[in-house]
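Novice: Here it is: the structure, laid out below.
Read-outs throughout are calculated quantities, based only on the coordinates presented, and are distinct from any laboratory measurement. The structure presented is a predicted model; accordingly, all values stated were derived computationally and were not measured. All Cβ positions, glycine included, derive from the backbone under ideal geometry; neighbour counts span all protein chains shown.
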Amino acid sequence: MNESFFDKYPSYQDYANNYLGAWSFEDGDEVLTIADIAESEMYDTNTRQTKKEMCITFREKDLPMVLSAKTNFRALEYVTGTNKWREWIGKRVIVGQRLEKVKGKPQMCLRIIPEKPKEETKEPATPEQIARIKALIDEGTITNAAAMLKYYKLKTVEEFSRADAKRLIEQKTGEVIE
């Protein structure tokens, strides 16, 4: 019988529905942009009590990542060049799963990889990408264009980089427009 992780450990299902985990990166590492860092109240299945944990959200993901490991904090300090966590917002980091020993047993863990992502070239968005973003605004898929531009630190849609435009369109529609 091919039993899934969540069949074997059903208490993790609620966690998996609300937070990123190693299972979220089975296809490999991803370069993600830090959107925010905030405290979140979580239920600890071991102690059966709520506790506060720091969580990080990424522009490209719907779920937050719990930063429970000191390893992840140290990696973030290294990659961003600062221990001032508010300055991490907007920085690009590599996130992936790694096999590590936890309480003496091997376990897949979600990690901020302590490597700086390769810089993407800031090629301008293609005319097709700009047209698609404008269409998403017109049709209401992107509901607050001013907030979107502020988020990307732009004055107009035409200032989008090719990579950011590709990510935004893919995130909103699932389409890939190069």
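Novice: Could you work out [θ]222 nm for the chain from helices alone, using -39500 (n - 2.57) per DSSP H run of at least four and dividing by all its residues? Round to the nearest 500 deg cm²/dmol.
Specialist: Rounded to the nearest 500, the figure is -8500 deg cm²/dmol.
Novice: Looking only at Cα atoms, what is the convex hull volume of the chain per residue, in Å³?
Specialist: It is 158 Å³ per residue.
Novice: Over 22 Å between Cα atoms: which of Lys70/Lys150; Lys84/Lys116; Lys116/Lys172; Lys70/Lys91 fall into that group?
Specialist: Violating the 22 Å limit, Cα to Cα: Lys70/Lys150; Lys116/Lys172.
Novice: Using +1 at the C-beta of Lys and Arg and -1 at the C-beta of Asp and Glu, which of Val93, Ser161, Asn144 has the Cα lying farthest in the positive direction of the dipole of the range 84-178?
Specialist: Final value for the positive-end residue is Val93.
Novice: Could you work out the local net charge near Ala125, counting Lys and Arg as +1, Asp and Glu as -1, over the other residues with Cβ closer than 9 Å to its Cβ?
Specialist: Once all neighbours under 9 Å are counted, the net charge is -3.
Novice: Where does the charge balance sit around Lys52 when Lys and Arg score +1, Asp and Glu -1, over other residues with C-beta under 14 Å from its C-beta?
Specialist: The answer is -3.
Novice: Work through the residues other than Thr143 whose Cβ is under 15 Å from its Cβ and net out their charges, Lys, Arg +1 and Asp, Glu -1.
Specialist: Net charge in that neighbourhood comes out at +1.
Novice: Are there trypsin sites (Lys or Arg not before Pro) in the range 32-75 that DSSP marks as loop and that have at most 11 other Cβ atoms within 10 Å, and which are they?
Specialist: Arg48
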